[in-house]
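Colleague: Once you've had a glance at the structure underneath, I'll fire off some questions.
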Amino acid sequence: MRQLIPSLRGAALVLALVPVLAADLGVGAVRAADAAETLTLSIADSRALAVQSLQDGKPGLTAALARGLLQRDPGDIDALMLLGWAEVALQHPDQARTAAVRAFALAKGNPRLRFAAARLAAKSAYEAGQLTRAGFWLRRASDAASSPEEQAEAVAGYRNITAQNRWANRFSFALAPSSNINGGSQDQRLTIDGQPTGALLSPDALALSGLEATLDVSTSYRIASGPQHLTSLGLRAFGATYALSDAARRLTEATGTKGSDFAFGALEVSLRQQRQAAGNGQWNYGLTAGKTWYGGSPMSRYGRLDLARSFALGAAAQAQVSGALEQGYSERDDSRTLLASLQGQVVRRLAGGGTLALVLGVSGTDSTSRRAEYRSINAAVSYALGQPVGPAEVTLGLAAAARHYPQTFTGSLFGDGPRQDNRLTATVEMVLPQAAVMGFAPSITFSAGHNWSNVSRFEQQDIGVAFGLKSTF
């Protein structure tokens, strides 16, 4: 098994290089008991002997000397570090972590000591089998890194931990002011194929501006793995809620509409497997069951089967073909909808350091509710610039989609008729890695989209900016 932290000898040598405060040199004495022998040492000699004992494989003596130093000065960071590494060697990871956490808290303003203390805390958690906690402390170590070498060391340790950890946890959070949080229409007058119907849309069906807040949390547990496969159980929770702007509240005052009326939530459980494919690449299989809510009320239940095949296209490109079948059950009208989708993606690293991604997909539904039936084709391209623009890593995106509903108005006052939607969306994402905290960098995404439809209710325009966090490793 790869070592998460360098050897104790290496750690002790690093500690020996930490300057000793002038006030400590030759002042006072420390009494340390080792077996039947009692020694009286100066502070400087105690430190030197503690380091030498750790190097010589005598962690018990190091721990005794460190405790003596801490009796004299509970805020002695060097002594806490020596005690922590000694406790690791003595296989006392909980005591080691306690010393490391104290040292980390006391080392404010000293990035080098905070980095060393965070690594010690990660090592102690690792020795205790607490891999998620070890990963947390390696993220803190990356935050304290004062050189590219220290940063690379923390990131490499974190990735090693992630590969060993049966648990994998992910989250994302974003706040997004938007001109159209509810997917509302631009025009209150309802027209179909350019012809007025004489009907007026209710205020809550119009485009309402406001603030969107989203949270996406997932966890998975690896239940089986081997050289050629990995199987995991997963749980995911997603939520989006909204706050109306003052203008939107005035517009909907008569209907009493609230931002939470458009809130959406989803909870799902999944079983997934990755399996190495013959030649190159891998297969990915997934079974998912979930439930959704809208406006605080149950919306639908669904089950989904996913299948994907990824493979290399030379040394600089990767491709993936994926498909899915999803059976949905409406909680509102008892309708059933089967969704089928197929998608292809190619990602290529360019000579200048940038990355170009192309996506093409098709999807369609078969439903007992004729209004829910559609056929769709979509395409997207994104380009991650090879060099930062000022402090930001920039990715540009453009997506287009065409969707055809054969019988949108079946049973309505307006007779039977198809609906055709065409949508175009442009995005600019900016990530600020230099402002990262524990490996999470702030991100800003500007977006603008327009949906053209022969039914004016679905003629939509939205402009927004989303503020979020993105992991840098």
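The values are calculated or read from the model by the stated rules, or taken from the named source; none is laboratory data. Predicted, not measured: the structure shown is a model, and the values here were computed from it. Every residue, glycine among them, receives a Cβ derived from its backbone with ideal geometry; neighbour counts consider all protein chains shown.
Colleague: Looking only at the range 52-98, count every residue that is crowded, with 20+ Cβ neighbours inside 10 Å and of a type in the set (Ser, Thr, Tyr) and tell me the total.
Modeller: Within the range 52-98, residues that are crowded, with 20+ Cβ neighbours inside 10 Å and of a type in the set (Ser, Thr, Tyr) number 2.
Colleague: Working carefully through the options 467, 473, find the one that is in contact (Cβ under 8 Å) with a residue 40 or more places away in the chain, touching a helix residue (DSSP H, G or I) at 6+ places or on another chain (Cβ under 6 Å) and among the aromatic types (Phe, Trp, Tyr).
Modeller: Details: 467 fails: touching a helix residue (DSSP H, G or I) at 6+ places or on another chain (Cβ under 6 Å).
Just a single option satisfies the conditions, and that option is 473.
Colleague: Can you tell me which residue is surrounded by the fewest Cβ atoms within 10 Å (Cβ to Cβ) among those in the range 189-207 that are under 15 Å from residue 255 (Cα atoms) and not hydrophobic (A, V, I, L, M, F, W, C)?
Modeller: Start the filter on the range 189-207 by keeping residues that are under 15 Å from residue 255 (Cα atoms), which leaves 200-207.
After this cut, where a residue has to be not hydrophobic (A, V, I, L, M, F, W, C) as well, the list is 202-204.
On the way: 202: 12, 203: 17, 204: 18.
Ranking the qualifying residues of the range 189-207, first place goes to 202.
Colleague: Only one residue in 384, 392, 401 is in contact (Cβ under 8 Å) with a residue 24 or more places away in the chain, touching a helix residue (DSSP H, G or I) at 6+ places or on another chain (Cβ under 9 Å) and among the hydrophobic types (A, V, I, L, M, F, W, C). Which one?
Modeller: Numbers: 384 fails: touching a helix residue (DSSP H, G or I) at 6+ places or on another chain (Cβ under 9 Å); 401 fails: touching a helix residue (DSSP H, G or I) at 6+ places or on another chain (Cβ under 9 Å).
Of 384, 392, 401, the one residue that is in contact (Cβ under 8 Å) with a residue 24 or more places away in the chain, touching a helix residue (DSSP H, G or I) at 6+ places or on another chain (Cβ under 9 Å) and among the hydrophobic types (A, V, I, L, M, F, W, C) is 392.
Colleague: Can you give me the number of residues within the range 344-371 that are over 18 Å from residue 423 (Cα atoms) and either assigned to a strand (DSSP E or B) or more than 26 Å from the chain's Cα centre (by Cα) (or both)?
Modeller: Restricting attention to the range 344-371, the residues satisfying the condition of being over 18 Å from residue 423 (Cα atoms) are 344-357, 365-371.
From the residues that got through so far, the ones that are either assigned to a strand (DSSP E or B) or more than 26 Å from the chain's Cα centre (by Cα) (or both) too are 344-349, 351-352, 355-357, 365-371.
The qualifying residues number 18.
Colleague: On the basis of being assigned by TED's automatic domain parsing to the domain that holds residue 339, of a type in the set (Asp, Glu), assigned to a strand (DSSP E or B) and farther than 27 Å from residue 179 by Cβ, does residue 462 make the cut?
Modeller: Numbers: assigned by TED's automatic domain parsing to the domain that holds residue 339: yes; of a type in the set (Asp, Glu): yes; assigned to a strand (DSSP E or B): yes; farther than 27 Å from residue 179 by Cβ: no.
It is false that residue 462 is assigned by TED's automatic domain parsing to the domain that holds residue 339, of a type in the set (Asp, Glu), assigned to a strand (DSSP E or B) and farther than 27 Å from residue 179 by Cβ.
Each row is one residue, and each column tells you yes or no for (1) surrounded by 17 or more Cβ atoms within 10 Å (Cβ to Cβ); (2) under 14 Å from residue 472 (Cα atoms).
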| position | (1), (2) |
| --- | --- |
| 131 | yes, no |
| 147 | no, no |
| 155 | yes, yes |
| 172 | no, yes |
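Condition check ((1) over 27 Å from residue 453 (Cβ atoms); (2) in contact with a Gly (Cβ under 7 Å, 6 or more places away or on another chain)) across all residues:
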{"site": "309", "(1), (2)": "yes, yes"}
{"site": "317", "(1), (2)": "yes, no"}
{"site": "340", "(1), (2)": "no, yes"}
{"site": "366", "(1), (2)": "no, no"}
{"site": "369", "(1), (2)": "no, no"}
{"site": "376", "(1), (2)": "no, yes"}
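Colleague: Enumerate the helices (runs of 4 or more DSSP H) found wholly within the range 1-112, keeping only those where 3 or more residues are modelled with pLDDT of 90 or more and not small (Gly, Ala, Ser). Can you show your working first?
Modeller: Details: elements: 8-17, 43-55, 59-72, 77-89, 93-106.
Per the criteria, 43-55, 59-72, 77-89, 93-106.
Colleague: Name the residues in the range 442-459 that are among the hydrophobic types (A, V, I, L, M, F, W, C), modelled with pLDDT under 95 and part of a strand (DSSP E or B), would you? Write out each step before concluding.
Modeller: As a first pass, look at the range 442-459 and keep what is among the hydrophobic types (A, V, I, L, M, F, W, C): 444, 446, 448, 452, 455, 458.
Filter once more, so that each one left must be modelled with pLDDT under 95: 455, 458.
Passing the criteria: only 455.
Colleague: With in the same structural domain as residue 421 (by TED's automatic domain parsing), surrounded by fewer than 17 Cβ atoms within 10 Å (Cβ to Cβ) and in contact with a Phe, Trp or Tyr (Cβ under 8 Å, 6 or more places away or on another chain) as the only criterion, which of 256, 239, 210 stands out?
Modeller: Values: 256 fails: in contact with a Phe, Trp or Tyr (Cβ under 8 Å, 6 or more places away or on another chain); 210 fails: surrounded by fewer than 17 Cβ atoms within 10 Å (Cβ to Cβ).
The unique qualifying residue is 239.
Colleague: Can I ask one more? In the range 404-434, what residues are modelled with pLDDT under 95, among the hydrophobic types (A, V, I, L, M, F, W, C) and closer than 30 Å to residue 144 by Cβ?
Modeller: Within the range 404-434, no residue meets the criteria.
Colleague: Given (1) more than 30 Å from residue 246 (Cβ to Cβ); (2) out of contact with any strand residue (DSSP E or B) (no Cβ under 8 Å at 6 or more places or on another chain); (3) small (Gly, Ala, Ser), where does residue 202 come up short, assuming only one miss?
Modeller: It is condition (1) that residue 202 fails.
Colleague: Quick check on my filter: what residues within the range 308-329 are among the aliphatic types (A, V, I, L, M) and at pLDDT below 95?
Modeller: Step one: of the range 308-329, the residues among the aliphatic types (A, V, I, L, M) are 308, 312-313, 315-317, 319, 321, 324-325.
Correct list: 312, 313, 315, 316.
Colleague: Just checking, which of 347, 381, 389 is at pLDDT 95 or above, farther than 26 Å from residue 292 by Cβ and either of a type outside the set (A, V, I, L, M, F, W, C) or crowded, with 17+ Cβ neighbours inside 10 Å (or both)?
Modeller: Details: 381 fails: either of a type outside the set (A, V, I, L, M, F, W, C) or crowded, with 17+ Cβ neighbours inside 10 Å (or both); 389 fails: either of a type outside the set (A, V, I, L, M, F, W, C) or crowded, with 17+ Cβ neighbours inside 10 Å (or both).
Exactly one of 347, 381, 389 is at pLDDT 95 or above, farther than 26 Å from residue 292 by Cβ and either of a type outside the set (A, V, I, L, M, F, W, C) or crowded, with 17+ Cβ neighbours inside 10 Å (or both), namely 347.
Colleague: One residue is enough: does the range 226-233 have a residue meeting the conditions assigned by TED's automatic domain parsing to the domain that holds residue 171, at pLDDT 95 or above and small (Gly, Ala, Ser)?
Modeller: Yes, some residue in the range 226-233 is assigned by TED's automatic domain parsing to the domain that holds residue 171, at pLDDT 95 or above and small (Gly, Ala, Ser).
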